[in-house]
Amino acid sequence: GAVVSQHPSWVICKSGTSVKIECRSLDFQATTMFWYRQFPKQSLMLMATSNEGSKATYEQGVEKDKFLINHASLTLSTLTVTSAHPEDSSFYICSATGTSGEQYFGPGTRLTVT
Amino acid sequence: TQLLEQSPQFLSIQEGENLTVYCNSSSVFSSLQWYRQEPGEGPVLLVTVVTGGEVKKLKRLTFQFGDARKDSSLHITAAQPGDTGLYLCAGARWGKLQFGAGTQVVVTP
């Protein structure tokens with residue numbers, strides 16, 4: 001149980017375009033989903049917290065207009081990187097929390113902006 | 001500034017040896033979680049510790065939560081090459097996780 005999937009697993013896009021990443025909880029309903037970013041050889045940095053049906057809460061320093069988060073249902077959250085630039089290239093990981101309160105992580109999405 | 005300090009940052013040992021990874025903070029957490037992450041994958045939850053002084057064992061892995069709930073340790077007995085990975089501790093506060101910088105463990109045959 002407690003499986004979280006992400007799609008796509010990797011994506012390459014051109015500078016200036018937008019990219020959407022999906023995060024799904026497959027066998028449980030996620031009251032809250034989180035989006036993290038991880039640069040090479042670094043730890044996970046929380047970007048935002050999203051609850052179904054409400055606006056996401058962004059961490060300090062994360063541009064909400066650049067990283068659009070939509071939590072449309074209890075099993076799906078999406079992160080859209082708008083007007084992507086090479087410095088946005090990173091490993092994006094989502095997690096989902098069920099009733100136990102523990103976070104279960106997706107496999108991550110490798111974004112490369114050329 | 002890293003709220004959770006992990007040490008060491010890197011550990012390379014031979015198969016069969018023991019190792020300990022430490023996770024320290026000046027803050028109190030409601031719970032602390034340990035994850036292992038492989039390259040190109042998301043972190044996988046190993047254990048959650050909640051009670052100060054708690055000790056949990058998972059096969060050859062022993063996890064301890066400090067009495068004051070500010071620090072934790074992970075001890076691996078008789079390490080195997082399959083234990084290689086990035087070990088991350090994460091403290092829970094107000095429903096969010098704050099991660100340590102991670103400890104890269106390499107176990108060579």
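Taken together, the values in this text are just the output of simple stated rules run on the coordinates, not laboratory data. Just so it is clear, the model here is predicted, and its values are computed rather than measured. Counting neighbours? That spans all protein chains shown, and the Cβs are built from the backbone with ideal geometry, glycine included.
Quick one: which residue in A:Ser25, A:Ser43 is free of Cβ contacts under 8 Å to residues at least 40 places away in the same chain, closer than 17 Å to A:Ser95 by Cβ and touching a Gly at 6+ places or on another chain (Cβ under 8 Å)?
Details: A:Ser25 fails: free of Cβ contacts under 8 Å to residues at least 40 places away in the same chain.
Exactly one of A:Ser25, A:Ser43 is free of Cβ contacts under 8 Å to residues at least 40 places away in the same chain, closer than 17 Å to A:Ser95 by Cβ and touching a Gly at 6+ places or on another chain (Cβ under 8 Å), namely A:Ser43.
Mind listing whichever residues of segment A:56-93 are free of Cβ contacts under 8 Å to residues at least 60 places away in the same chain, within 15 Å of A:Thr17 (Cα to Cα) and among the polar types (S, T, N, Q)? Talk me through it step by step, then tell me what you get.
Here is the first cut: in segment A:56-93, the residues free of Cβ contacts under 8 Å to residues at least 60 places away in the same chain are A:56-79, A:87-91.
This time we only want the ones that are within 15 Å of A:Thr17 (Cα to Cα), so: A:65-68, A:79, A:87-89.
Selection gives A:Ser89 alone.
Out of curiosity, is A:Ser5 more than 14 Å from chain B (Cβ to nearest Cβ), in contact (Cβ under 8 Å) with a residue 40 or more places away in the chain, small (Gly, Ala, Ser) and under 17 Å from A:Phe91 (Cα atoms)? Lay out the reasoning, then the answer.
On the way: more than 14 Å from chain B (Cβ to nearest Cβ): no; in contact (Cβ under 8 Å) with a residue 40 or more places away in the chain: yes; small (Gly, Ala, Ser): yes; under 17 Å from A:Phe91 (Cα atoms): yes.
Judged against the criteria, A:Ser5 is not a match.
Looking at B:Phe63, B:Phe99 in this structure, which one is surrounded by 16 or more Cβ atoms within 10 Å (Cβ to Cβ) and within 14 Å of another protein chain (Cβ to nearest Cβ)? Break it down into steps so the answer makes sense when it comes.
Numbers: B:Phe63 fails: within 14 Å of another protein chain (Cβ to nearest Cβ).
One residue alone meets the criteria, B:Phe99.
Looking at the structure I just gave you, is A:Arg110 within 22 Å of B:Thr103 (Cα to Cα), within 13 Å of chain B (Cβ to nearest Cβ) and surrounded by fewer than 17 Cβ atoms within 10 Å (Cβ to Cβ)? It would help to see each step written out before you state the result.
Numbers: within 22 Å of B:Thr103 (Cα to Cα): yes; within 13 Å of chain B (Cβ to nearest Cβ): yes; surrounded by fewer than 17 Cβ atoms within 10 Å (Cβ to Cβ): yes.
Yes: the conditions hold for A:Arg110.
All but one of (1) touching a Leu at 6+ places or on another chain (Cβ under 8 Å); (2) farther than 20 Å from B:Leu3 by Cβ hold for B:Gln98, so report the exception by its number.
(2)
Strands (runs of 3 or more DSSP E) wholly in segment B:1-40 with at least 3 residues that are surrounded by fewer than 18 Cβ atoms within 10 Å (Cβ to Cβ) - which ones? Don't jump to the end; show me each part of the working.
Values: elements: B:5-7, B:10-14, B:19-24, B:31-37.
In segment B:1-40, the matching strands (runs of 3 or more DSSP E) lie at B:10-14, B:19-24.
Here is a list of conditions, (1) part of a strand (DSSP E or B); (2) touching a Ser or Thr at 6+ places or on another chain (Cβ under 7 Å); (3) among the small types (Gly, Ala, Ser), and B:Ser72 meets all of them except one; can you say which number that is?
Every listed condition holds for B:Ser72 apart from (2).
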